[in-house]
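Notes follow once the structure below has been shown.
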Amino acid sequence: MAEVHEGICGAHQEGEKMKWTLSRKGYYCPSMIKDCIEFAKSCEECQKHGPIQRLPANELHSIVKPWSFRGWEIDIIGQIHPPSSKNHRYIIITIYYFTKWVEAIPLKEVYQKEILDFIEDHIIVWFGVPQTITMDQGTVFTGRKVMQYAQSRGIKLVT
């Protein structure tokens, strides 16, 4: 697969084209299309130099908080392929609505403990206890530990 994708005659083909080339050379396995797509997605050169995915522009809606220490938004980016040299596969990111300040750290795995440690170390210690934290409905954000922590600190969780 590596030879077809990036070898002497390889042209860093995307998954479908790679599968077609392998089939023409007589190779087959039941999960070949899935394997080829995953292989192409994990190629660092393809990620750096591949085409930019363009989405139609949507109108932006700014969230304005009139007073400081009112609201933050938190989310997880990932799973990132390939992982970093230290095996980090996720990024936890938070945005402070009032100033648009961003805090982010890499994570190897995402558990509720990491979320709570991040909120404590990167939001509360530096900026104080926020009134609200907006998050999506991912299980890591809606779990019992996160809910209990927010309730004990008087933080309103908005999904």
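Give me the residue from region 17-36 that is farther than 16 Å from E3 by Cβ and assigned to a helix (DSSP H, G or I) and, out of that set, farthest from the chain's Cα centre (by Cα).
This residue is I33.
When you look at G78, is it in contact with a Lys or Arg (Cβ under 8 Å, 6 or more places away or on another chain), of a type outside the set (D, E, K, R) and under 30 Å from K48 (Cα atoms), yes or no? Even if it seems obvious, please write down each step before you answer.
Numbers: in contact with a Lys or Arg (Cβ under 8 Å, 6 or more places away or on another chain): yes; of a type outside the set (D, E, K, R): yes; under 30 Å from K48 (Cα atoms): yes.
Here the answer is yes, as G78 does meet what is asked.
Would you please name the residue that is modelled with the highest pLDDT, looking only at residues in region 88-105 that are charged (D, E, K, R) and more than 14 Å from S42 (Cα to Cα)?
Narrowing region 88-105 to residues charged (D, E, K, R): 89, 100, 103.
Still in the running and more than 14 Å from S42 (Cα to Cα): 100, 103.
On the way: K100: 82, E103: 88.
The extreme case among them is E103.
Quick test of your reading of the structure: Q112 fulfils all but one of (1) under 14 Å from I76 (Cβ atoms); (2) in contact with a strand residue (DSSP E or B) (Cβ under 7 Å, 6 or more places away or on another chain). Name the failing condition by number.
Against the list (1) under 14 Å from I76 (Cβ atoms); (2) in contact with a strand residue (DSSP E or B) (Cβ under 7 Å, 6 or more places away or on another chain), Q112 comes up short only on (2).
Considering each of S85, S62, S68 in turn, give the residue that is modelled with pLDDT of 80 or more, part of a loop (DSSP other than H, G, I, E, B) and over 12 Å from the mean Cα position of the chain (by Cα).
Details: S62 fails: modelled with pLDDT of 80 or more; S68 fails: modelled with pLDDT of 80 or more.
Result: S85 is the single residue among S85, S62, S68 that is modelled with pLDDT of 80 or more, part of a loop (DSSP other than H, G, I, E, B) and over 12 Å from the mean Cα position of the chain (by Cα).
For the list (1) farther than 21 Å from I77 by Cα; (2) touching a residue at least 12 places away in the same chain (Cβ under 8 Å), I need the number of the one condition that L107 fails.
L107 satisfies every listed condition except (1).
The values are calculated or read from the model by the stated rules, or taken from the named source; none is laboratory data. What you see is a predicted model; the values in this text were computed from it and never measured. We place every Cβ from the backbone using ideal geometry, glycine too, and count neighbours over all the protein chains shown.
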